[in-house]
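Each reported figure results from applying straightforward, stated rules to the coordinates on display, with no laboratory input. Bear in mind that the values here come from a model prediction, so they are computed numbers and not experimental data. Cβ: placed from backbone, ideal geometry, glycine included. Neighbour counts: every protein chain shown.
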Amino acid sequence: MYYALLMGGEKILHGISVTPQEVVFITHLIAENPHDSRRQLSYKLCDAWNWKQPNGVRRDMLCRSFLLALERKGYITLPAKRFTPPNPLAVRHPPPRIDIDQSPISTSLHPILPLQVDLVRHTPREALYNSLLDQHLHRQWSPATVCRPRARFPEDNVAVVR
C-alpha cells in the first residue's frame, strides 16, 4: 500500500495524484449516495473518472484500494463495510481421516516395477492424498501451498514419499 506523499503540493496515493478538488468530488459522491455500498461507490467513481482497463472493464480493485487509502489518511469517510466474503484458505478444515494399511514393505524396488505416477487432482483419489498429507506431514499445509506430485501406484497401494 502506498501512502500519501507531498510532491509539488499534490497528494499522491497509489501513484495517482489527488487534488483537493478531487477529494471534494469524492466526498460529494459519497454524500449524494448514502445508501450505496463501497463497491457501488467504486463503480460510480470509475465511471466518473473513466478508470478502465484496456479491455473496457472498470479498475474497481484499484479504485477501492484508492478509496481505502484516502480514508486511512483521513481525507474521506466511507460507509460502513457491509459484507466480508469468506476466505476458505484462512479457515481450513482438515480432511477426513482415511486409514490405510501402513505395514512397511521390505523389498527392493525391482519387484514392484513399473511404477505409474498419475495426477489425482480433482479425482476421487485426491481425498486420500489430502488425508495422508494431513496425517503424515507435521506442519500446516493447504492444497495451495503443497507442491508435491499426487501419485497412484499399482494395485491401489499408495505411497507418500518424503
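Once you order the gyration tensor axes a ≥ b ≥ c over the Cα atoms, which shape class does the range 5-72 get: rounded for a/c under 1.5, otherwise prolate or oblate by comparing a/b with b/c?
Details: a/c = 1.87, a/b = 1.20, b/c = 1.55.
In terms of gyration-tensor shape, oblate.
Extending 7 Å from the Cα toward the beta-carbon at both residue 84 and residue 134 defines two label points whose distance is 2.4 nm.
Remark: the residue 118-residue 77 segment gains 9.4 nm on full extension, using 0.36 nm per residue and subtracting the alpha carbon distance.
With each label modelled as a point 7 angstrom along the Cα→C-beta vector, the residue 28-residue 98 pair spans 6.2 nm. Ordered by the number of other Cβ atoms lying within 10 Å of each residue's own Cβ, fewest first, 43, 75, 129 fall into the sequence 43, 75, 129.
When Lys and Arg each count +1 and Asp and Glu each count -1, what net charge do the other residues less than 15 Å away from residue 81, Cβ to Cβ, add up to? Result for the neighbourhood of residue 81: +3. What does the net charge come to around residue 38 if you take all other residues with beta carbon closer than 10 Å to its beta carbon, with K and R at +1 and D and E at -1? Neighbour charge sum, excluding residue 38 itself: +2.
For the range 72-107, which trypsin sites (Lys or Arg not before Pro) pass both filters: DSSP loop (anything but H, G, I, E, B) and at most 12 other C-beta atoms within 10 Å? Kindly include the intermediate steps, with their values, before the conclusion.
On the way: sites: 72, 73, 81, 82, 92, 97; in loops: 73, 81, 82, 92, 97.
Qualifying residues, ordered by number: 81, 82, 97.
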